[in-house]
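Have a look at the structure below before the remarks.
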Amino acid sequence: MTKKLIAAIDTPELARAQELVAAVAPHCGLVKLGLEFFLRHGPQGFAQAAQGRNVFLDLKLHDIPNTVAGAVRSLLPLGADMLTIHASGGAKMVEAAAKAAAEGAKSPKILAVTVLTSLDASALAETGVAGGPAQQVLRLARLALANGADGLVCSAHEISRLRDAFGDKPILVVPGIRPVGAALGDQARVMTPEEAVAAGADYIVVGRPITGAANPAEAAAAIAASIR
Ligand code: C5P
């Protein structure tokens, strides 16, 4: 078991989510539920899947500040440990989310997503952002951290630049992780669990190498052992 491992439970099926959470929870610090699950099953399904475990609720909120603050308040009763927002919503939106989170009896950590890893330089340019992803990641990370975000979701390849720029304090949560020999799926630039933790990740997010394994509990245990 290691607190640093977050297992992504990416399924729209409640029974499958419950089965996966029960299998992997003994080996990881948190389970991650996202849009695919939450939009189908809502708060009730969240509680049924979470079974009292620590949860990273990855909804990547992005709207005007007042609406995002309201969304965070609506999520507070669930007791999630981490919530995601898009840093590109702007300084006031990040600040509104962080303030709303602080109103909870248990305040979830607010993690900012900077540039989606699905956007390469040309896709980003199409949205009007010149200068490329690396520069935009730093710009949005600075904005998010200066306005109350507790940390960032980032690619393993961005960790060292972010640590150089912002030090040890921001929580860095890193998806795009593949144990040696695992299928890449649609992830292009990956690191192994050991490499990402050595580079300075506080948490690694692992989905298909666990959920697609014949034995998800064993797969989670092996990844946990590799970074303990
Ligand atoms: O299956 P896999 O390990 O690729 O899953 C990674 C998880 O992390 C998925 O839930 C995916 O949505 C999420 N994620 C990602 N890249 C980001 C942000 C989140 O892969 N930049």
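The values are calculated or read from the model by the stated rules, or taken from the named source; none is laboratory data. Quantities reported herein were computed from a predicted structural model and do not represent experimental measurements. We place every Cβ from the backbone using ideal geometry, glycine too, and count neighbours over all the protein chains shown. Just so you know, the surface numbers come from the protein's heavy atoms only, side chains and all, with ligands and any DNA or RNA stripped out. Shrake-Rupley method; radii C 1.70, N 1.55, O 1.52, S 1.80 Å.
Would you mind checking which residues have amide H under 5 Å from Thr2's amide H? H placed 1.01 Å from N; only 5 or more apart, or other chain.
Those qualifying (amide H under 5 Å, at least 5 residues apart or on another chain) are Cys28, Gly29.
In the chain, what percent of the accessible surface is made up of carbon and sulfur (1.4 Å probe, ligands and nucleic acids excluded)?
The computed percentage sits at 54.
Just need the Rg to Rh number for region 1-150, please, alpha carbons only, Kirkwood Rh.
Values: Rg = 16.0 Å, Rh = 16.1 Å.
On the Cα set of region 1-150, Rg over Rh gives 1.00.
Tell me whether region 110-158 comes out rounded, prolate or oblate; compute the Cα gyration tensor, take square roots of the eigenvalues as a ≥ b ≥ c, and use a/c under 1.5 as the rounded threshold.
It comes out prolate by the Cα gyration axes.
Using protein chains only and a probe of 1.4 angstrom, how many square angstrom of Ser88 are accessible, to the nearest 10?
Taking all protein chains as shown, Ser88 has close to 60 Å².
Under the rule a/c < 1.5 gives rounded, and otherwise a/b versus b/c splits prolate from oblate, where does region 99-228 land using the Cα gyration tensor?
Because a/c hits 1.5 or more and a/b fails to exceed b/c, region 99-228 counts as oblate.
How far apart, in nm, are the 7 Å Cα→Cβ label points at Ser107 and Ala199?
3.0 nm
Are there trypsin sites (Lys or Arg not before Pro) in region 100-162 that DSSP puts in a loop and that have at most 16 other Cβ atoms within 10 Å, and which ones?
On the way: sites: Lys106, Lys109, Arg139, Arg142, Arg161; in loops: Lys106.
Sites meeting the loop and neighbour criteria: Lys106.
What's the FRET efficiency of Met1 with Arg161 using the Cβ-Cβ distance as r and R₀ = 41 Å, to the nearest 0.05?
On the way: r = 30 Å, r/R0 = 0.74.
It comes to 0.85.
Reachable aspartates and glutamates from Lys60, Cα under 18 Å, same-chain residues fewer than 8 places away excluded?
Partners within reach: Asp10, Glu36, Asp81, Glu95, Asp150.
Less than 12 Å Cβ to Cβ from Phe37, Lys/Arg counted +1 and Asp/Glu -1: what total charge do the surrounding residues give? Kindly include the intermediate steps, with their values, before the conclusion.
Numbers: positive: Arg16, Lys32, Arg40; negative: Asp10, Glu13, Glu36, Asp58.
That works out to -1.
Not counting ligands, DNA or RNA, and with a 1.4 Å probe, what is Lys4's accessible surface area in Å² rounded to the nearest 10?
70 Å²
What net charge is computed for the residues neighbouring Pro108, neighbours being all others with C-beta under 15 Å from the C-beta of Pro108, Lys and Arg scored +1, Asp and Glu -1?
Overall, the nearby charge balance is +3.
I'd like to check one number: the per residue accessible area of the chain, probe 1.4 Å, reported in Å² as a whole number.
46 Å²
Roughly how many nanometres apart are two label points built 7 Å out from the Cα toward the Cβ at Arg16 and Thr67?
3.0 nm
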